[in-house]
Amino acid sequence: MTTPAARASWAAFVRRPRVRLGTLPTPLHPAPRLSEAVGVEIWLKRDDLTGLGLGGNKVRVLEFVLGDALQRGADTLITGGGPASNWVMLAALAARTRGLQPILVIYGEPAPLVGNLALAELAGAEIVFTGEEDRASVERGIDALAAQLRAQGRNPYLLGRGGATGVGALGYAAATLELVTQTREQNLTPSQLWLATGSCGTQAGLVAGQAWQHPGWAVHGVSVSRPVAECVARVATIAAETCALLEVAPWDSAPIVHSDAGDAEYGKRSAAADTAAELVARTEGVFLDPVFAAKGMAGLLAAAAAGQVSGPVIFLVTGGAPTLFTVG
């Protein structure tokens, strides 16, 4: 029998506005040849197959942020990121499906549109370059555009890079519930769940999911873009925001974040990530994008080689197919 607190948190969850975008649940399946090569039992959670556009983890995030935007009467969605961002492309697609005009703020100088930006333009997004290489220029650009639109009587909804907010992280609190059901159906008791951590919203949602569902696994992020200490702080802050929305106490342990096993800067390939992606492709027929999921897998492989991983473990395949063709 559920407790009054559990019933209250469930009621808080179902009250949140949500737009159904994804083909859910996504598969959870064993990776036997990869497991044999690594020496640890690994299962793949295929969030590259979420259905909107070319799929990816951000679809779950967008279900809740778009629901919030529509509830607030927004007519425009303003967000941004880097030139290869999967987030901006999926945000543009999702906004268009609900009648919102997407405006994407991209750091750097104007350049020919390829990969994700070409797809976003195809979906009808307006694309604005900041002219600065500083990634923080995205947030400044978003704020400036929002002020202009409000002066014109528009009602924009603002989202920073990756949609990393307490509302957006609800998508991966919900994914935790999905995984609890799937692991029970398969009689699987994972000890760890690994993923790439960039803007930190996905890991924050999974940490909030721990507080909400107590699934029994530890969540391990691999930073692909920020110092580990910054990731730990961001994950904790966003997870606490999500827990407040779910009316549950925050997770009582510090988030676990590992450094990237490679040496490439954000948005660039690394030798370790390329090796990890090659291994997964050749053993399981699954492609990992070079700047997020492949770096997350590289971190898992490094930890396994150091004897720090006890199976079975789940690896979250976060998607990002367009960067397979555009990132060098």
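In this Cβ point-charge picture (+1 for Lys and Arg, -1 for Asp and Glu), the chain has a dipole of about 840 debye about its Cα centre. Using only alpha-carbon positions in the chain, the gyration tensor eigenvalues give semi-axes of 30, 25, 17 Å once each is multiplied by 5 and square-rooted (largest first).
Write down Rg/Rh for the range 1-118, rounded to two decimals, with Rg from the C-alpha atoms and Rh from the Kirkwood relation over Cα pairs.
1.09
For the range 235-328, the ratio of Cα radius of gyration to the globular rule of thumb 2.2 N^0.38 Å stands at 1.26. Kirkwood hydrodynamic radius of the range 58-163, from the reciprocal of the average inverse Cα-Cα distance over all distinct pairs: 13.4 Å.
Rounded to a whole number of µm²/s, how large is the Stokes-Einstein D of the range 140-244 at 4 °C and 1.567 mPa s, given Rh as the Kirkwood radius over C-alpha pairs?
On the way: Rh = 15.0 Å.
So the translational diffusion coefficient is about 87 µm²/s.
On the beta carbon distance between Ala254 and Thr326, with R0 = 30 Å, the FRET formula returns roughly 0.25. Set the Förster radius R0 to 45 Å, insert the Cβ-Cβ distance between Asn187 and Arg72 as r into 1/(1 + (r/R0)^6), and round the FRET efficiency to 0.05. Result of the calculation: an efficiency of 0.55. Each of Ser9, Val313, Ala196 was scored by the projection of its Cα onto the charge dipole of the chain, and the greatest displacement toward the positive side belongs to Ser9; charges sit on the C-beta of Lys, Arg, Asp and Glu. Any idea what diffusion coefficient the range 169-212 gets from Stokes-Einstein, in µm²/s, Kirkwood Rh on alpha carbon pairs, 4 °C, 1.567 mPa s? Reported coefficient: 120 µm²/s.
What you get for the range 58-163, charging only the Cβ of Lys and Arg (+1) and of Asp and Glu (-1), is a dipole of about 380 debye around the Cα centre. Counting only DSSP beta bridges whose two residues both lie in the chain, roughly 10 percent are antiparallel.
Where a number appears in this text, it was derived from the coordinates with a stated rule and is not lab data. This one's a predicted model, so the numbers in the text were calculated from it and none came from an experiment. No Cβ is skipped: glycine too gets one built from the backbone with ideal geometry, and neighbour counts run over all protein chains shown.
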